[in-house]
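Structure first, commentary second.
The values are calculated or read from the model by the stated rules, or taken from the named source; none is laboratory data. All of these numbers come straight from a predicted model, not from anything done at the bench. Quick reminder, even Gly has a Cβ in these numbers, built from the backbone with ideal geometry, and neighbours come from all protein chains shown. Surface accessibility is based on the protein's heavy atoms, side chains included, excluding ligands, DNA and RNA. Shrake-Rupley method; radii C 1.70, N 1.55, O 1.52, S 1.80 Å.
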Amino acid sequence: MTDSKSQKFVVHRAWRDSFPVIDHAEGIYLYDTEGHRYIDGAAGSSVVVNIGHGVQSVIEAMYQQSQKFCFGAPHLFSNAKQEELGDLVASRAPGSMRNNCRTWFGTTGTDAVDSAIRLARQYFLALEQPSKYAVIARWQGFHGNNIFVSGVHGHTFRRKSYFPMYVNMPHIPPAYCYRCPFELTYPACRLKCARALETMINETGEENVAAFIAEPVVGAALGAVPAPEGYFEVIREICDKHNVLLIVDEVMTAWGRVGYWFGIEHWGVTPDIIATAKGMSSGYTPISSTIAKEAIWQVIEASKVPFLAGHTMNQNPISCAGAIEAIKYVEDHDLLSKSTQIGAYLLKRLNDLVDEFEIVGQARGLGMMCGIEFVQDKKTKEPFDPKLKVSGRFEMECLKRGLSLFQCAGCVEGVAGDMMLVTPPLVITPKQVDELVDIMKQALKVLQAELL
Ligand SMILES: Cc1ncc(COP(=O)(O)O)c(C=O)c1O
């Protein structure tokens, strides 16, 4: 690690003396300046580097584009790479959106979500239904990190500090069978968590609700919890019945991460709007997109008001060039099926940890988006005291041993509950999965001895 003195002019994500400095990376491995090797078990900070590090075709495409030009004013010009990427996205879009949608390119997941919400609002304004503004979301769901979106998402810790500063949108309980908020069991519950949306729309007033937003597999707020079978079908029906747009937040789940181009395909449902980022360029360069059904854009176009969103660096040709190659890499290397197959093996190995360790309560996931949840007591599912910072300590024990993972907390009503996301690049091999799980085992032995 470089010493703390040489790191004193940068604000890092945590107040530590020093951070390892990554020097180079290849495949699933990161190497720091001191020669330590780390498995990138989180694929970037949290579910980003789907295709692994060092893919030359992506680097070369970005280089070629930079040779031509780096940026041109998006309010006056288009660029060939964004047009090509628009075609590529449309040809991969789910269900009836396929080749029947248009895409708005941004830079971060947060701005993709913000733009999705702007789009829903502008759509209803254009239809002369101006009372429709509210976006219903779920507790223990996460949608981004600006102050407005903090009022939408349901990650208690990340919204708390800004509480008086945003519009507090309505929330329904999460689809979280391990700790069902209704204390019911699937399928006898008849998906009460999905039906809660209708209750909330009725209570809020259908005339006030513009959209419902949800992640197909909840990432940072629940540690890889997929919605149960049938959930999004019920949600779709309720949205249609009440003239509410369905936004799916695929910032983590798209581009092969859960075995499909878009995670929502697992439920066979077509949303109205999709927000996505991260794996779109596999982290080689920032890019995000807000994809909506053609019919939605047509309403706005007919109103003659341009789409009222946008940041300076949107529609960036270098990012678009990188994303095109990253998406092609997923296709050419059959990473959708690898995500399903090797993801199933990873989940099996994580389930071995549930059998072996008292403090691992559940392993879960879909495709290569997996996670574990820590408990004090397996039978009662009692979480650890948040003061013990269990997931943070586990993250550090893994890092010491050469594995980078992503800690999550707050699955129990936003205040307690520790989880880890285990989301390596989709190019990981079964042997490398074993290597990753072995490091988790060593870290668990240490942590369990300290905690019990
Ligand atoms: C589901 C989801 N939506 C939105 C975001 C925000 O994306 P970004 O950090 O790129 O702004 C994240 C980030 O982790 C996320 O997981």
From the option list Ala126, Ala112, single residue qualifying as touching a Ser or Thr at 6+ places or on another chain (Cβ under 7 Å) and closer than 22 Å to Ser282 by Cβ is Ala112
Got a sec? Which of Thr253, Thr290, Thr285, Thr276 is within 16 Å of the ligand (Cβ to nearest atom), more than 28 Å from Ala211 (Cα to Cα) and of a type in the set (Ser, Thr, Tyr)? Thr285
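So that you can scan it fast, the table gives a plain yes or no per residue for (1) of a type in the set (A, V, I, L, M); (2) closer than 24 Å to Tyr38 by Cα; (3) in contact (Cβ under 8 Å) with a residue 60 or more places away in the chain:
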{"site": "Gly371", "(1), (2), (3)": "no, yes, yes"}
{"site": "Lys378", "(1), (2), (3)": "no, no, no"}
{"site": "Pro386", "(1), (2), (3)": "no, no, no"}
{"site": "Leu399", "(1), (2), (3)": "yes, yes, yes"}
{"site": "Leu403", "(1), (2), (3)": "yes, yes, yes"}
{"site": "Cys408", "(1), (2), (3)": "no, yes, yes"}
Can you name the number of the only condition in (1) surrounded by fewer than 21 Cβ atoms within 10 Å (Cβ to Cβ); (2) within 16 Å of the ligand (Cβ to nearest atom) that Ala73 fails? (2)
Boolean, Val11 is open to solvent by 80 Å² or more (accessible area, probe 1.4 Å), away from the ligand (no atom under 16 Å from the Cβ) and either farther than 21 Å from Glu301 by Cβ or assigned to a strand (DSSP E or B) (or both): yes
Counted residues in the stretch 27-73 being in contact with a strand residue (DSSP E or B) (Cβ under 9 Å, 6 or more places away or on another chain), outside any loop (DSSP other than H, G, I, E, B) and β-branched (Val, Ile, Thr) come to 2
Within the stretch 358-374, count every residue that is more than 25 Å from Asp334 (Cβ to Cβ) and open to solvent by less than 10 Å² (accessible area, probe 1.4 Å). 5
If I ask for residues that are farther than 23 Å from Leu119 by Cα and either open to solvent by 10 Å² or more (accessible area, probe 1.4 Å) or basic (Lys, Arg) (or both), which ones from the stretch 274-290 would you list? Gly283, Tyr284, Thr285
Qualifying residue in the stretch 378-387 (condition: under 26 Å from Lys278 (Cβ atoms) and either open to solvent by 10 Å² or more (accessible area, probe 1.4 Å) or of a type outside the set (S, T, N, Q) (or both)): no
May I ask you to list the residues in the stretch 308-334 that are open to solvent by 10 Å² or more (accessible area, probe 1.4 Å), farther than 21 Å from Asn50 by Cα and not β-branched (Val, Ile, Thr)? Leu308, Ala309, Gly310, His311, Met313, Gln315
Do the conditions hold for Pro271, that is, is it open to solvent by 10 Å² or more (accessible area, probe 1.4 Å), within 16 Å of the ligand (Cβ to nearest atom), of a type outside the set (D, E, K, R) and at pLDDT 95 or above? no
The stretch 195-252, subset in contact (Cβ under 8 Å) with a residue 60 or more places away in the chain and of a type in the set (Asp, Glu), residue farthest from Leu127 (Cα to Cα): Glu215
Looking at (1) under 26 Å from Glu373 (Cα atoms); (2) within 15 Å of the ligand (Cβ to nearest atom); (3) buried (at least 21 other Cβ atoms within 10 Å of the Cβ), can you tell me which one Asn145 breaks? (3)
Residue list for the stretch 400-435, filter: closer than 19 Å to Ile22 by Cβ, part of a loop (DSSP other than H, G, I, E, B), open to solvent by less than 20 Å² (accessible area, probe 1.4 Å) and hydrophobic (A, V, I, L, M, F, W, C): Leu405, Ile428
Per-region count, the stretch 103-129, residues assigned to a loop (DSSP other than H, G, I, E, B) and either more than 15 Å from the ligand (Cβ to nearest atom) or in contact with a Leu (Cβ under 6 Å, 6 or more places away or on another chain) (or both): 3
Test: residue in the stretch 88-110 that is surrounded by fewer than 21 Cβ atoms within 10 Å (Cβ to Cβ), at pLDDT 95 or above, in contact with a Cys (Cβ under 9 Å, 6 or more places away or on another chain) and not β-branched (Val, Ile, Thr): yes
Single match in Leu452, Leu353 (criterion: of a type in the set (A, V, I, L, M, F, W, C) and surrounded by fewer than 16 Cβ atoms within 10 Å (Cβ to Cβ)): Leu452
Here are the criteria: (1) more than 16 Å from the ligand (Cβ to nearest atom); (2) in contact with a helix residue (DSSP H, G or I) (Cβ under 7 Å, 6 or more places away or on another chain). Tell me which single one Val49 does not satisfy. (1)
